[in-house]
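The values are calculated or read from the model by the stated rules, or taken from the named source; none is laboratory data. Keep in mind the model is a prediction, meaning the values are calculated, not measured. Cβ sites come from the backbone with ideal geometry, for glycine too, and all protein chains shown count toward neighbours. Just so you know, the surface numbers come from the protein's heavy atoms only, side chains and all, with ligands and any DNA or RNA stripped out. Shrake-Rupley method; radii C 1.70, N 1.55, O 1.52, S 1.80 Å.
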Amino acid sequence: MERYAWRAKVKDGYMDEYIKRHDEIWPEMIAELKKAGIKNYTIFADGNELFGYYECEKGADFAEKVQTTSAIVKKWDEYMKDILIMEKKDNTKAQPRMIEVFSLD
């Protein structure tokens, strides 16, 4: 199972709103993440900095493809863009993967 990690930043003054939106995440968004084979998804915050981690049952490329072609994910991204600064790759519009340098299973 591949692991995927990403980073982003919440705009100043919006962390409470970011948390609220995730507390109220849409059921269809959860279903889409599961469709992408994503499990064990966790987002950590340090100040305004975010670090996200998830495992990809069907591989990271598959998870990325499902998310970047999903109308639901595009709607979520639009919903979040007023409070979130997130880099996207030009060719796929996916979040750049962080490089895994160590793992202890």
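Quick notes on this structure:
- Condition check for residue 30: buried (at least 16 other Cβ atoms within 10 Å of the Cβ) and on the phi < 0 side of the Ramachandran plot: no
- Just so you know, in the stretch 6-22 the residues that are in a strand (DSSP E or B) and either open to solvent by less than 70 Å² (accessible area, probe 1.4 Å) or among the small types (Gly, Ala, Ser) (or both) include one that is modelled with the highest pLDDT, and it is 10.
- Single residue of the stretch 34-80 satisfying the filter (of a type in the set (A, V, I, L, M, F, W, C) and without any contact (Cβ under 8 Å) to a residue 12 or more places away in the chain) that is nearest to residue 102 (Cα to Cα): 44
- Which numbered condition residue 59 fails, given (1) more than 13 Å from the chain's Cα centre (by Cα); (2) closer than 13 Å to residue 1 by Cβ; (3) open to solvent by 80 Å² or more (accessible area, probe 1.4 Å): (3)
- The one condition in (1) open to solvent by 20 Å² or more (accessible area, probe 1.4 Å); (2) under 11 Å from the mean Cα position of the chain (by Cα); (3) farther than 29 Å from residue 102 by Cα that residue 25 fails to fulfil: (2)
- Within the stretch 42-88, considering residues that are touching a strand residue (DSSP E or B) at 6+ places or on another chain (Cβ under 8 Å) and in a loop (DSSP other than H, G, I, E, B), the one nearest to residue 18 (Cα to Cα): 83
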